[in-house]
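The values are calculated or read from the model by the stated rules, or taken from the named source; none is laboratory data. Values in this document were obtained by computation on a predicted structure and should not be read as measured data. Cβ coordinates were reconstructed from backbone atoms using ideal geometry, including for glycine residues, and neighbour counts include every protein chain displayed. The protein model used for the area step is the full one, side chains on, heavy atoms only, and it has no ligands, DNA or RNA in it. Shrake-Rupley method; radii C 1.70, N 1.55, O 1.52, S 1.80 Å.
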Amino acid sequence: MYGNQRLGNQKGQSIVETALILPIIILILTGIIDFGLLFNHYLVITNASREAAREAAVGTGDAELHIMVSNMTSSLDQARVTTTIYPAETLRKKGDEVTVTIEFDNMLLTPVISSIIPNPVHLTSRTVMRVE
């Protein structure tokens, strides 16, 4: 009889340990998800910035560049994507530099993480290429 009573106490102990550790594990997992999404969004705007700068360097117009960036960043919320092309299409000359800057405000999903890190996280990608 004494052995069964002791086994019941161990079951209660494992439930308490699980209750103490589970919030920490959930916090770590949601932090990993937030970081993964943040990194993915950064890669998307970096790739779009590079491609747009390359197209601008070979003579593509600003309107077409904005459409291209919009298509390449279609997985992002377009209301939070800002694209800047400098200098304007009419001012670009062979040998000058063209700069494409894409900015995105990434919203974090986890409230606890967003209390540690400012929410939204402002991501910026800038690419400079010489006009051909």
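Taking the Cα atoms of the chain, what is the range of coordinates along each of the three principal axes, in descending order and whole Å?
91, 22, 21
Got a number for carbon plus sulfur as a percent of the chain's accessible area, 1.4 Å probe? Don't skip to the answer; put the middle values down first.
Details: 5420 of 8790 Å².
Whole-percent figure for carbon plus sulfur exposure: 62.
Using the Karplus curve 6.51 cos²θ - 1.76 cosθ + 1.60 with θ = phi - 60°, work out ³J(HN,Hα) for each residue of region 27-37 in order, rounded to whole Hz, and write x for Gly and Pro.
Taking θ as phi minus 60°, the curve returns 4, 5, 5, 5, x, 5, 5, 4, 5, x, 5 Hz for region 27-37.
Could you rank the peptides 97-104, 113-120 by their average count of other C-beta atoms within 10 Å per residue, with the highest value first?
Those peptides, ordered most packed to least, come out 97-104, 113-120.
Using alpha carbon centroids, what distance separates region 83-108 and region 28-61, in Å?
Each part reduced to its Cα centre gives a spacing of 14 Å.
Provide the packing ranking of 27-37, 50-60, i.e. peptides ordered by the mean count of other C-beta atoms within 10 Å per residue, highest first.
Top to bottom by mean Cβ count within 10 Å: 50-60, 27-37.
From the phi angles alone, apply the Karplus equation (6.51, -1.76, 1.60; θ = phi - 60°) to region 87-97 and give each ³J(HN,Hα) in whole Hz, x where the residue is Gly or Pro.
x, 5, 3, 6, 9, 7, 10, 4, x, 6, 9
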